[in-house]
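Structure record follows, encoded as structure tokens.
The values are calculated or read from the model by the stated rules, or taken from the named source; none is laboratory data. Just so you know, these numbers come straight off a predicted model, no measurement behind them. Neighbour counts run over all protein chains shown; Cβ positions are idealised from the backbone, glycine included.
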Amino acid sequence: MSANLKDAPHIDLYVRFMEGIKWRLLTDCIPTRRSVAGNRDYLPNLAAAEFCLLQLRKSCELLALGCVAMHQDARQTRKLRTEWNAHRIMGIFGELKPSFFPMPSRTEIIPGASRPAGDVQPIKDALTKKEMLKAYHIFGRLLHSGTFEDYTTPQREVYDFSLIDNFVVKMMKLTNDHLYSLHDGKVVVRVFMQCPQIGGHVAWQFWPPLPPGFAQLFSS
């Protein structure tokens, strides 16, 4: 099957979603985290953590919306266009198309080749769908003000930034170079979050079909 833009009609919108994720991670979360670590941030620990948690939760939602933009080949995708909650979107997608989640990848460089060549390999320790949904729930809970009882026994809350650090690393491993399988594997789209040829912006291209069983490696 020869792929064309009709197979991924909203790819430009997907690129915008990925630029949004990259901006929230690289421009907001990581610099704020470094400032807190070096005691250079003007925000108290709590406010800085909540700022980062908000960016990460929105990144989850952008990734979920990206799946909606990418998987126009799935039946009944249209009903997801009015959803914003990442948990609901992914729950519905799990029924419509179980292999909807992006597949983190890399390509081995063959010595002497002018471009990456060879078999696409999966990335270890990248964010999984299960991990993302769990983190999305945790981020939402931490962003709430708490209950009345929480304030009757007040204590100074200090966030452990390891939750944020770990999520950022895993999200970057997931999105840095990833694949989508469309139309029952006949069409594959590969996305690069930072393409040096276009100034570090998000780029994409159609890719050859994946080897049998590749998508099953990302079933969690």
Point to revise | Looking only at the stretch 172-215, and only at residues there that are assigned to a loop (DSSP other than H, G, I, E, B) and of a type in the set (D, E, K, R), the one that is nearest to L56 (Cα to Cα) | key: D184
Review point. In the stretch 56-84, which residues are closer than 17 Å to H137 by Cβ and modelled with pLDDT under 95?
Key: E83, W84
Exercise for review: Give me the pairs, please: first residue somewhere in the stretch 54-83 and under 19 Å from D177 (Cβ atoms), second residue anywhere and in a helix (DSSP H, G or I) and of a type in the set (G, A, S), beta-carbon distance under 6 Å, and either six or more positions apart or on two chains.
Suggested key: L62/G20
Exercise for review: Just name the residue that is farthest from the chain's Cα centre (by Cα) out of those in the stretch 134-155 that are without any contact (Cβ under 8 Å) to a residue 60 or more places away in the chain and within 30 Å of T175 (Cα to Cα).
Suggested key: H144
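Checking the conditions here, which among Y159, Y136 is out of contact with any strand residue (DSSP E or B) (no Cβ under 8 Å at 6 or more places or on another chain), modelled with pLDDT of 95 or more and crowded, with 17+ Cβ neighbours inside 10 Å? It would help to see each step written out before you state the result.
Numbers: Y159 fails: modelled with pLDDT of 95 or more.
Of the residues listed, the single one that is out of contact with any strand residue (DSSP E or B) (no Cβ under 8 Å at 6 or more places or on another chain), modelled with pLDDT of 95 or more and crowded, with 17+ Cβ neighbours inside 10 Å is Y136.
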Check your understanding: Are any of the residues in the stretch 96-113 surrounded by 16 or more Cβ atoms within 10 Å (Cβ to Cβ), modelled with pLDDT under 95 and assigned to a helix (DSSP H, G or I)?
Key -> no
